[in-house]
Amino acid sequence: MTNVYERLGVAPAINACGIYTDLGGSVLSSAAWKAATEANASWASIPELLASSGARIAELCGAEAARVTPGAAAGIALATAACIARGDGPANEALPSTGERPAGVLIQRAHRYKYERCARLAGAELIEVGSDSGTRPEDLEAAIAGGSGTVAILHAAHLDAERGALPLAEVAAIAAADAVPVIVDAAYMSYPTELISSYTSAGADLVCFSAKYFHGPNAGGFVLGRSELIEAIAAVDFTEFESGSWRSFGRALKMDRSTIVATVVALEEWLALDHEERWCDYERRIARIEHELAGPAGVVVEARQFTLDERIVEERPNALVLRSRAEGSSAAQLAATLAAGSPPVLCIVADDALVACVETVPPEADDLLVAALQHALGRAAVTA
Ligand SMILES: *Cc1c(COP(=O)(O)O)cnc(C)c1O
């Protein structure tokens with residue numbers, strides 16, 4: 001039987017890049033896949049399923065409430081819409097037009113980043129706070145007090161330690177004084193798992209996570225937070241568009257029941273996973289691949305960690321970093337050779353090095369990865 005990818009003319013690839021939306025996110029575990037299959041086999045009320053799955057996630061994460069969303073990007077858009085409409089039907093239906101309603105979302109200068117655009121999707125106007133030298137508490141206070149009305153602050157958790165940025169706890173304290181909700185993008189902050197509940201503990205009102213980073217569906221995620229605001233998200237999401245009174249903003253951001261249950265099961269598994277063993281497993285596999293690759297002259301192979309914010313660091317390894325001194329074998333050329341192979345092997349180029357991340361390579365494909373790397377390095381040696 002022909003593989004569906006091949007039938008559609010797409011080559012199944014070995015993903016040695018890591019978790020990327022453009023490569024399909026991650027692989028569902030057998031438990032998440034089983035749950036998705038079970039959900040596929042029978043209908044259920046989606047509003048009921050979202051209410052109960054949200055309650056389960058809130059319980060797991062020690063939060064007041066939660067709601068499954070079709071990813072963290074959608075989570076940011078829905079959280080913003082909820083902060084603008086606050087459960088008001090006509091306001092919800094008008095989005096992204098906000099009319100006379102306040103719709104300012106504050107963002108620190110040091111936090112400007114690509115996903116801020118998802119807040120604008122809901123009709124919010126992004127207002128930058130601070131300057132190149134940073135954001136001071138008084139800058140944030142003045143921004144909240146002035147202008148056309150602040151409905152939320154968008155805070156990128158992974159940029160919390162940026163130079164000049166006000167940390168979340170300080171932002172949340174200032175925001176709370178004026179009852180302004182803080183929306184946190186914590187898309188990939190699900191490991192170490194203690195991080196998940198740390199943002200609500202620090203005072204965040206709504207926290208967005210992506211399921212792609214905890215081995216859930218590529219189009220799954222959830223928002224954790226205060227009950228009242230999670231209810232406001234439920235009011236603007238895709239549910240009850242047909243049966244309810246309002247043509248909700250979130251109708252285009254819909255999910256199937258399989259995605260909803262797979263998100264919960266993947267999270268349950270992620271919280272119960274032996275992460276120490278996960279890292280030891282990467283270490284063992286990397287050591288073996290490194291050993292197999294020893295040979296080609298002029299190639300330095302190192303075990304390194306490739307972080308979710310795409311830096312190569314000397315922490316516990318999840319990746320092999322290859323630097324070749326041979327001419328004609330730049331990292332970009334090696335990556336191109338690997339991607340042109342059969343099957344294509346997709347690697348990252350960072351810091352002029354080739355990065356092969358094993359996290360997303362199925363262990364049974366390690367030999368294939370070794371062979372592809374040897375072939376690419378061999379070819380480079382011949383060309384040089
Ligand atoms: C991936 C990512 C998102 C978007 O998450 P999706 O679940 O793919 O929508 C948002 N913010 C950050 C920092 C991300 O890495």
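The values are calculated or read from the model by the stated rules, or taken from the named source; none is laboratory data. Since we're looking at a predicted model, the values are computed, not measured. Backbone-built Cβ (ideal geometry, glycine too); neighbour counts: all protein chains shown. Surface areas here come from the heavy atoms of the whole protein model, side chains and all, with no ligands, DNA or RNA. Shrake-Rupley method; radii C 1.70, N 1.55, O 1.52, S 1.80 Å.
Between the amide H of CYS17 and those of CYS357, distances stay under 5 Å, these residues lying 5 or more places away or on another chain, with hydrogens modeled in the peptide plane. Rolling a 1.4 angstrom probe over the chain with all protein chains present gives an accessible area of which 52% lies on carbon and sulfur atoms. Residues ARG101, ARG163, ARG117 ordered from highest to lowest accessible area at a 1.4 Å probe: ARG163, ARG117, ARG101.
What's the angle, to the nearest 10 degrees (0 to 90), between helix 168-177's Cα axis and the longest principal axis of the chain? Once rounded, one gets 10 degrees.
Among the GluC sites (Glu not before Pro) within region 64-115, those in coil by DSSP and having at most 10 neighbouring Cβ atoms inside 10 Å are GLU100.
Determine the sum of side-chain charges near GLU231: Lys and Arg each +1, Asp and Glu each -1, restricted to other residues whose C-beta is under 10 angstrom from that of GLU231. Let's see the in-between values first.
Working: positive: ARG67, ARG86, ARG226; negative: GLU228.
So the surrounding residues net to +2.
The alpha carbon centroids of region 207-232 and region 180-205 are separated by 11 Å. Give me the percent of Cα-Cα pairs in region 240-384 that sit more than 24 Å apart, rounded to a whole number. Every Cα pair in region 240-384 considered, those over 24 Å come to 45 percent.
Using DSSP to define loop residues, name the trypsin sites (Lys or Arg not before Pro) in region 231-271 whose beta-carbon has at most 13 other beta-carbon atoms within 10 Å.
Working: sites: ARG247, ARG251, LYS254, ARG257; in loops: ARG247, LYS254.
Qualifying residues, ordered by number: ARG247.
Taking all Cα pairs closer than 8 Å and separated by 6 or more residues, the relative contact order of the chain comes to 21 percent.
Answer rounded, prolate or oblate for region 88-212, using the Cα gyration tensor with square roots of eigenvalues a ≥ b ≥ c: rounded when a/c is under 1.5, else prolate when a/b is larger than b/c, else oblate.
Working: a/c = 1.67, a/b = 1.20, b/c = 1.39.
Oblate, since a/c reaches 1.5 and b/c is not below a/b.
Could you tell me whether region 215-319 comes out rounded, prolate or oblate from its Cα gyration tensor? Rule is a ≥ b ≥ c as square roots of the eigenvalues, rounded for a/c under 1.5, then prolate if a/b exceeds b/c, otherwise oblate. Could you put the intermediate results ahead of the total?
Working: a/c = 3.41, a/b = 2.96, b/c = 1.15.
Prolate shape, in that a/c is at least 1.5 and a/b is the bigger ratio.
Relative contact order for region 300-366 using alpha-carbon pairs under 8 Å, separation at least 6, rounded to a whole percent? Dividing the mean separation by the residue count of region 300-366 yields 29 percent.
Shape verdict for the chain, please, from the Cα gyration tensor: rounded (a/c under 1.5), prolate (a/b greater than b/c) or oblate. Because a/c hits 1.5 or more and a/b exceeds b/c, the chain counts as prolate. For region 172-244, the extents of the C-alpha atoms along the principal axes are 39, 35, 14 Å, listed from largest to smallest.
Would you work out which of TYR115, SER97, SER133 lies farthest towards the positive end of the dipole of region 85-140, given +1 charges on the beta-carbon of Lys and Arg and -1 on that of Asp and Glu, about the Cα centre? Looking along the dipole axis, the top candidate is TYR115.
Other residues whose C-beta falls under 15 angstrom from the C-beta of SER248 contribute a net charge of -1, scoring Lys and Arg +1 and Asp and Glu -1.
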